[in-house]
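Single-structure report; data block below.
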């Protein structure tokens, strides 16, 4: 019985993430990420200086929170990390994706 | 005869009895069991604490499974019939074995969860750079659309029947948002005092000798345990109806409880209910401001222990009780190091 209970819990914990309905316009990340969070009902955290001047893609339709963020940040120098326990997201600048010239600008504002 | 006769200091037996009560309350209590359960709870503080801890462990199991809790099932008076008159000794033996195994499994799982969450050695470990784990506020969504938010130390027993929606607050503080149903009154029972909701949102805090009710929407009638419901126009003076923006402080005495109704302003209400989780929104705020806001709302506090961190500005949307998630994201993404200092303080510094 104990083993069955553990097996059941394992199976249930692998259930797919629920989808949410999104309608986020293309725009500056400093604004759109908060719209995303509100529509996805997720928690987010980011350093506003690191996303300054970066635009995210439009997001429309039904997606799970991670796929939605993936669509918004695709082709941008942004990346995200999810807290596995609480589901909260940190949005970060991915230095490896920043084109050479903007990299210097971003670095100078960060410092 | 009451089968629950544990010595007040025999914690193994108390834990076992608490586990059995969890099992029974989840499937619904008969009237006789309800009386036995109330007696058992009233007999010792250790009983109440054990029940609260085991209930927490059991609910944690539900949470892990993503299952809705089942303690709002209606009472099934026929549930024990098979016990009283088993058809054969083999059947009886099989049932006994199954039930013993189920109780044992719950006890083992519950004890494991409680041990991992409450063992005092955790406190020792906290000061040694243990990852931050902070319990969050729990919300119970009931079958009728009502919901209960449970503060950290709270435990409730939900007992819905065709005539009444009854919740027993066994310990701590809880906030109730009640769906209207004129045919089935919603009653919160706290140590002999009954709060009858008249379609409303209210908060009840139970300390040892005092119950504090705050009504934020609608009205609540305060009644003594044995009294019958009466029409509002006939409400006796000792059973007042508490209105929105009022509080009732009920002092529990051996004789008739003393009920005092007071006005409460919106600032006081915010202060009193600050423990209830809500999304807090920060726009390019210094970390110190964010930390202050979390600290205002939580028992576990954060302290910036590094000058370099004071200049860090962040934008975030976070649940006010998710200290753990906030700290972990800081640690894993913003070069912040977190360490425990004692049981309720987290020190934040820049990674070196």
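Each value in this text was obtained by applying a stated rule to the coordinates, not by laboratory testing. Quick caveat: nothing in here was measured; it's all calculated off a predicted structure. Heads up, the Cβs are rebuilt from the backbone with ideal geometry, glycines too, and the neighbour counts pull from every protein chain shown.
FRET efficiency for the residue B:270 to residue A:100 pair, using the beta carbon distance and R₀ = 35 Å, is estimated at 0.10. Take the Cα of residue B:153, step 7 Å toward its Cβ, do the same at residue B:288, and the gap between the two points is 3.2 nm. The gain in end-to-end length when the residue B:143 to residue B:23 segment is fully stretched comes to 41.3 nm, 0.36 nm per residue minus the alpha carbon separation.
Modelled this way, with points 7 Å down the Cα-to-C-beta line, the labels at residue B:239 and residue B:278 are 3.4 nm from one another. Going from the residue with the fewest nearby Cβ atoms within 10 Å to the one with the most, B:262, B:273, A:45, B:150 rank B:262, B:273, B:150, A:45. Its relative contact order, with pairs defined as Cα atoms under 8 Å and 6+ residues apart, puts region B:279-350 at 38 percent. Put in line by how crowded their Cβ is, counting other Cβ atoms within 10 Å and starting with the fewest, B:183, A:97 read B:183, A:97. Rounded, prolate or oblate: pick one for region B:138-272, where a ≥ b ≥ c are the square roots of the eigenvalues of its C-alpha gyration tensor, a/c under 1.5 means rounded, and failing that, prolate if a/b is larger than b/c, else oblate. Rounded shape, in that the Cα axes give a/c under 1.5. Listed by Cβ neighbour count within 10 Å, with the fewest neighbours leading, B:302, B:140 appear as B:140, B:302.
Annotation: extensible slack from residue B:207 through residue B:35 equals 59.7 nm (criterion: 0.36 nm per residue apart, minus Cα-Cα distance). Per-residue extension of 0.36 nm, minus the Cα-Cα distance of residue B:350 and residue B:183, leaves a gain of 54.2 nm for this segment. Averaging 1/r across all pairs of distinct Cα atoms in region B:279-350 and inverting the result yields a Kirkwood radius of 12.1 Å.
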